[in-house]
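The values are calculated or read from the model by the stated rules, or taken from the named source; none is laboratory data. These numbers come from a predicted model, not from an experiment. Cβ sites come from the backbone with ideal geometry, for glycine too, and all protein chains shown count toward neighbours.
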Amino acid sequence: MQPIPISIEGKILINREVIQGHFLLRVKLAPAFPHPLPGQFVMIRVTQLQTPLLARPMSIYAFEQSGEHAFLEIFYRVAGEGTKLLSCLKAGQEITLLGPLGKGFSQNTGARRVILIAGGIGISPLTFLASSLIEIREPHSLEMTVYLGAQHQGVLAGLDRLSAFCSDIRICTDDGSAGYPGRVTDLFERELADYSPEDAFVYACGPHAMMRRLAELLEENPLPCQVSVEERMACGLGACLGCAVPIKTSDGISTFRRVCKDGPVFDIRQITW
């Protein structure tokens, strides 16, 4: 069941740069904030500031409830004016959050093998998913493999957190400075035959080009796959239609769906890449 989103003020506990241009934000919230599903997101605005005008969508990296408070974490990359402003905030300052929003990943697939494919900051929602799968599944009933891609070793993000949930992490770098020398989809293509659609399920999040290539690899392969799509959003509630993506319906008709309301998680074969 999807949690009902609320608007709430949060106090920053941590907002530190962990690698070049990538920040970990930890926020303390009232316990009224609903427990999010992996793959959902929040809209963040700096409290009492009028600029930037629009809130910024952020995938949820971690969530926990403890006593009289809830704690939410965001792992983000500075990419524009809004995230640059967010990165300058200090512990003790407040932000406004709207969420949890969107449709999350399907977790009760029954698959014995789970494959996570992350490019860059796409590791954020997949780490939350990994932690949730470990909680709801018996450890011996789940085999998890992560393909993690980055441009170079200096921007490999989130390894410490992810390694707590998965020991099989296959690193890929475009320049060959760490792990497999090439794109993350190149390595996955080489090992695709190792996975059976009868007992494996793929989850992915990353740059558009990465996910388009993944869709091409799965065109003739029935391996099930869900992807978390990143798009610019204005409202986060589906009202403005600014984040629509082209979708193929089951009867072959092309239409559009809102990433913020109908996603951000979709079956990879639904999207017209």
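Of note:
- Some residue of region 81-100 being under 14 Å from Ile14 (Cβ atoms) and under 16 Å from the mean Cα position of the chain (by Cα): no
- Yes/no for Ile115 being β-branched (Val, Ile, Thr), touching a Cys at 6+ places or on another chain (Cβ under 8 Å) and either at pLDDT 95 or above or at negative phi (or both): no
- Any hit, region 173-181, residues being among the charged types (D, E, K, R) and outside any strand (DSSP E or B): yes
- The set of residues in region 124-172 being in a helix (DSSP H, G or I), free of Cβ contacts under 8 Å to residues at least 40 places away in the same chain and within 16 Å of Phe75 (Cα to Cα) consists of Ala130, Leu159, Asp160, Leu162, Ser163.
- Selection count, region 64-114, where residues are in a strand (DSSP E or B) and of a type in the set (A, V, I, L, M): 8
- Within region 133-150, the set of residues being surrounded by 13 or more Cβ atoms within 10 Å (Cβ to Cβ) and more than 18 Å from the chain's Cα centre (by Cα) comprises Arg137, Leu142, Glu143.
- Pairs, first in a loop (DSSP other than H, G, I, E, B) in region 9-35, second at pLDDT below 95 and charged (D, E, K, R), C-beta under 8 Å, six or more apart: Gly21/Arg77; Pro31/Glu68
- When the residues of region 108-132 are filtered to those that are farther than 15 Å from Ala62 by Cα and among the polar types (S, T, N, Q), the one that is surrounded by the most Cβ atoms within 10 Å (Cβ to Cβ) is Thr109.
- Residue in region 3-56 that is modelled with the highest pLDDT, counting only those that are basic (Lys, Arg) and more than 22 Å from Glu68 (Cα to Cα): Arg16
- Qualifying positions in region 182-204 - assigned to a strand (DSSP E or B) and within 18 Å of the chain's Cα centre (by Cα): Phe201, Val202, Tyr203, Ala204
- Residues within region 208-239 that are at pLDDT 95 or above and either aromatic (Phe, Trp, Tyr) or in contact with a strand residue (DSSP E or B) (Cβ under 8 Å, 6 or more places away or on another chain) (or both), tallied: 11
- Leading residue by the ranking (nearest to Cys243 (Cα to Cα)) among those in region 4-44 that are of a type in the set (S, T, N, Q) and surrounded by 14 or more Cβ atoms within 10 Å (Cβ to Cβ): Gln40
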